[in-house]
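K.L.:
Below is a structure I'd like to ask you about.
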Amino acid sequence: MNRPTISDLAKAAGVSVSTVNRILAGAGNVRDTTIQRVQEAAENIGFYGVESINQQLRSTLPGIRLGFLLQQGNRELYQIFGRAIVTACRARRDAIVEPDVEFVDVLTPDNISSRLTALAERCDAVAIIAADHPLIGQTIRSLHERGKPVVAYITDQSAPERAGYVGADNWKLGRTAGFLIAQTTKNAGRVAVFNGNHRYQCQDVADASFRSYMREHAPHLHVDESRATHEESDVAYQMVTELLQDSDEDLRGIFIVGGGISGVLRALRETAPERRAKIQVVCRDMGPEIRRGLSERLITAALCHPIGPISNLLVQSMLDSLSQQGSGTTTQYVLPFEIITPENL
């Protein structure tokens, strides 16, 4: 096939040949939106000079640095979140977005607050995954007063000064978990709920709605008091091991609303197959360990954030927060979650 010409590109972009020539020559009298339209057309038709157009576009776009404070860099799930965020930043066409991704292993409120403050010093806006705590709320308030928007990611914050929230509808998520366990468990028994920390809003809301569903639709199942794993797999392992020893084989389900899934699965693998087959397990989000648990049919379902779309939406919400500074509005961005089972893995 013949290589697309400048005339072909002009026609595809809906501009004149002279406009394309000015862009290729690096002239500064072409609007950013026009350059962007020509750039998109060049990629679509495979125009040979697309890199020159990309360079011209980059030279006209604003440079923005976005900070992302994630948790526990040793957990593959947060590494997946981090990589997807970087990809979303690099894919922006309307700005040069430089991602600054940090992981926090010490999850105390004072440490998270200090790390958030330091990250905001070098970024235009920041996003955070953290428990809802007054110290963190005060830091969000202080950053807001200094013109640094803070967006809550995955789990919301109660600080009214936050710029927005990006995540799932956790009320629906918890009730869906209840539906899945109730529909796959016909015999009476107990259900255990594991959360990471009661101060994570996403977990607390999902826990409450799970219980709401079970009270309404599954009276044959008794839901135990929530057990906090503190996001530690070894703690979850010990809890499940003790639960299996004490339950007289009436344990019918486990809802892991927070961290610790690796420990839960380790304990189940040490359990006799005929017993663990009677236990339905529902968890959140997808990492290598959960994928393995699904493939082994140890997990009934995983309720997951759509990694690509939610990462793109997070970056968009942070850019929006910069353009809307001073408006006093807090924007909620809620995405549907995915339901992954062994059959659609």
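The values are calculated or read from the model by the stated rules, or taken from the named source; none is laboratory data. It should be emphasised that the depicted structure is a prediction, and the values quoted were computed from it without experimental measurement. Because the Cβ atoms are built from the backbone with ideal geometry, glycine has one as well, and the counts that use them run over all protein chains shown. These accessible areas exclude ligands, DNA and RNA; they are computed on the full protein's heavy atoms, side chains included. Shrake-Rupley method; radii C 1.70, N 1.55, O 1.52, S 1.80 Å.
K.L.:
State which residue is most open to solvent (accessible area, probe 1.4 Å) when the search covers only the range 258-278 and only residues that are in contact with a Ser or Thr (Cβ under 8 Å, 6 or more places away or on another chain) and not in a helix (DSSP H, G or I).
P.N.:
The qualifying residue most open to solvent (accessible area, probe 1.4 Å) is E270.
K.L.:
Residues E231, E161: which one is part of a loop (DSSP other than H, G, I, E, B) and on the phi < 0 side of the Ramachandran plot?
P.N.:
Values: E231 fails: on the phi < 0 side of the Ramachandran plot.
Within the list E231, E161, the selection yields E161.
K.L.:
Can I ask one more? Do the conditions hold for N195, that is, is it within 23 Å of V104 (Cβ to Cβ) and in contact (Cβ under 8 Å) with a residue 40 or more places away in the chain? Give the steps one after another, and end with the answer.
P.N.:
Numbers: within 23 Å of V104 (Cβ to Cβ): yes; in contact (Cβ under 8 Å) with a residue 40 or more places away in the chain: yes.
It is true that N195 is within 23 Å of V104 (Cβ to Cβ) and in contact (Cβ under 8 Å) with a residue 40 or more places away in the chain.
K.L.:
Testing P309 on (1) surrounded by 15 or more Cβ atoms within 10 Å (Cβ to Cβ); (2) in a helix (DSSP H, G or I); (3) under 16 Å from the mean Cα position of the chain (by Cα), one condition comes back false. Which one is that?
P.N.:
Of (1) surrounded by 15 or more Cβ atoms within 10 Å (Cβ to Cβ); (2) in a helix (DSSP H, G or I); (3) under 16 Å from the mean Cα position of the chain (by Cα), only one is false for P309: (1).
K.L.:
Out of all the residues in the range 183-195, is one or more open to solvent by 10 Å² or more (accessible area, probe 1.4 Å) and closer than 29 Å to T139 by Cα?
P.N.:
No, there is no match, as no residue in the range 183-195 is open to solvent by 10 Å² or more (accessible area, probe 1.4 Å) and closer than 29 Å to T139 by Cα.
K.L.:
If I go through the range 53-83 residue by residue, how many of them are open to solvent by less than 20 Å² (accessible area, probe 1.4 Å) and either hydrophobic (A, V, I, L, M, F, W, C) or farther than 27 Å from P306 by Cβ (or both)?
P.N.:
7
K.L.:
Looking at this structure, is G167 surrounded by 15 or more Cβ atoms within 10 Å (Cβ to Cβ) and more than 27 Å from N74 (Cα to Cα)?
P.N.:
Values: surrounded by 15 or more Cβ atoms within 10 Å (Cβ to Cβ): yes; more than 27 Å from N74 (Cα to Cα): no.
The answer is no for G167.
K.L.:
Of everything in the range 330-345, what is of a type outside the set (A, V, I, L, M) and open to solvent by 80 Å² or more (accessible area, probe 1.4 Å)? Give them in sequence order. Break it down stepwise before answering.
P.N.:
The first filter runs over the range 330-345 and keeps only residues of a type outside the set (A, V, I, L, M), leaving 330-333, 336-338, 341-344.
If the condition is that a residue be of a type outside the set (A, V, I, L, M) and open to solvent by 80 Å² or more (accessible area, probe 1.4 Å), then Q332, P336, E338, E343, N344 are the ones that fit.
K.L.:
With among the β-branched types (V, I, T), over 22 Å from T19 (Cα atoms) and crowded, with 18+ Cβ neighbours inside 10 Å as the only criterion, which of V50, V101, V38 stands out?
P.N.:
On inspection, the qualifying residue turns out to be V101.
K.L.:
Out of (1) outside any loop (DSSP other than H, G, I, E, B); (2) closer than 30 Å to Q36 by Cα; (3) open to solvent by 30 Å² or more (accessible area, probe 1.4 Å), the odd one out for R92 is which?
P.N.:
(1) is the only condition that R92 fails.
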